[in-house]
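What follows is calculated from the coordinates using simple rules that are stated; it is not laboratory data. These numbers were taken from a predicted model, which means no experiment stands behind them. Backbone-built Cβ (ideal geometry, glycine too); neighbour counts: all protein chains shown.
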Amino acid sequence: MSPNTKRSENGTAATARRGVQRTKRPRVKFDAIDLAILEQLQADSKITNATLAQRVGISPPSTLERVKKLEQQGIVRGYVALIDAVMVDKSICGLVHVTLREHGEDKLTVFKKAVQAFEEVQSAWHTAGEEDFILKVLVTDMQQYEDFVVYRLSAVPNIGRIRTSFCLSTVKDDTNVPLDAVRGSVTAEE
């Protein structure tokens with residue numbers, strides 16, 4: 001074990017950085033009703049509490065209590081309207097692969113903060129592999145993309161290389177999170 005790795009209470013290795021131990025988030029216990037609520041909310045977040053209660057088979061007050069608990073636990077992070085990017089003239093989607101020159105914690109933090117401020121960046125992933133980050137960028141036209149890369153992204157310190165792939169068409173763009181990983185560990189309903 002390296003000097004930067006400590007054992008957590010359950011025996012798994014976690015990397016310690018400046019006194020902060022990174023561990024896996026504890027698993028939440030779900031029952032069949034919780035999963036049904038999550039499935040319904042993913043399909044239609046505007047569903048009324050009464051309709052949701054009817055669909056999952058419990059009373060409206062119990063349903064509301066469960067939804068609030070799922071929100072407080074951070075399982076339900078929020079509710080949004082999904083907008084068609086083409087309909088608001090953001091028809092060019094680029095997957096921008098960024099490699100940094102240096103990889104210290106401070107360098108990564110600077111890059112992450114800069115990317116979070118760019119409205120063109122819809123999603124950003126810190127990745128393992130050849131590139132350090134992959135950004136999903138939505139723009140109106142190639143001029144806007146060029147301005148973004150030349151004047152904004154390239155201005156962030158420590159950029160080593162930028163490589164872009166453009167999306168020709170969307171085959172699948174789903175917002176649902178599969179619940180199969182927690183379905184097998186469903187607890188008995190209370």
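Every residue in the range 158-185 that is of a type in the set (Ser, Thr, Tyr) and part of a strand (DSSP E or B), please.
Residues satisfying the conditions are Thr164, Ser165.
For the range 23-32, does any single residue satisfy the condition of being surrounded by 10 or more Cβ atoms within 10 Å (Cβ to Cβ) and not in a loop (DSSP other than H, G, I, E, B)?
yes
Lys90 is checked against (1) outside any loop (DSSP other than H, G, I, E, B); (2) without any contact (Cβ under 8 Å) to a residue 60 or more places away in the chain and fails just one. What number does that condition carry?
Every condition holds for Lys90 apart from (1).
For the range 70-104, give me each residue that is over 30 Å from Arg163 (Cα atoms), surrounded by 10 or more Cβ atoms within 10 Å (Cβ to Cβ) and charged (D, E, K, R).
Glu71
Ser62 - would you say it is surrounded by 10 or more Cβ atoms within 10 Å (Cβ to Cβ), polar (S, T, N, Q) and assigned to a loop (DSSP other than H, G, I, E, B)?
Here the answer is no, as Ser62 does not meet what is asked.
What are the residues in the range 134-169 that are under 25 Å from Val86 (Cβ atoms) and either touching a Leu at 6+ places or on another chain (Cβ under 9 Å) or touching a residue at least 60 places away in the same chain (Cβ under 8 Å) (or both), if any?
Correct list: Ile134, Leu135, Lys136, Val137, Leu153, Ile162, Arg163, Thr164, Ser165, Phe166, Cys167.
Of (1) touching a residue at least 24 places away in the same chain (Cβ under 8 Å); (2) loosely packed, with under 14 Cβ neighbours inside 10 Å, Val67 satisfies all except one. Which?
Result: Val67 fails condition (2) only.
Give the range 103-157 a look and list any residue that's of a type in the set (D, E, K, R) and in a strand (DSSP E or B), or say none.
Lys136
Output the residue which, of all residues in the range 70-87 that are part of a loop (DSSP other than H, G, I, E, B) and without any contact (Cβ under 8 Å) to a residue 12 or more places away in the chain, is farthest from the chain's Cα centre (by Cα).
Applying the filter and picking the extreme gives Asp84.
All but one of (1) touching a His at 6+ places or on another chain (Cβ under 7 Å); (2) hydrophobic (A, V, I, L, M, F, W, C); (3) under 30 Å from Gln40 (Cβ atoms) hold for Phe133; state the number of the condition that does not hold.
Status for Phe133: all satisfied but (3).
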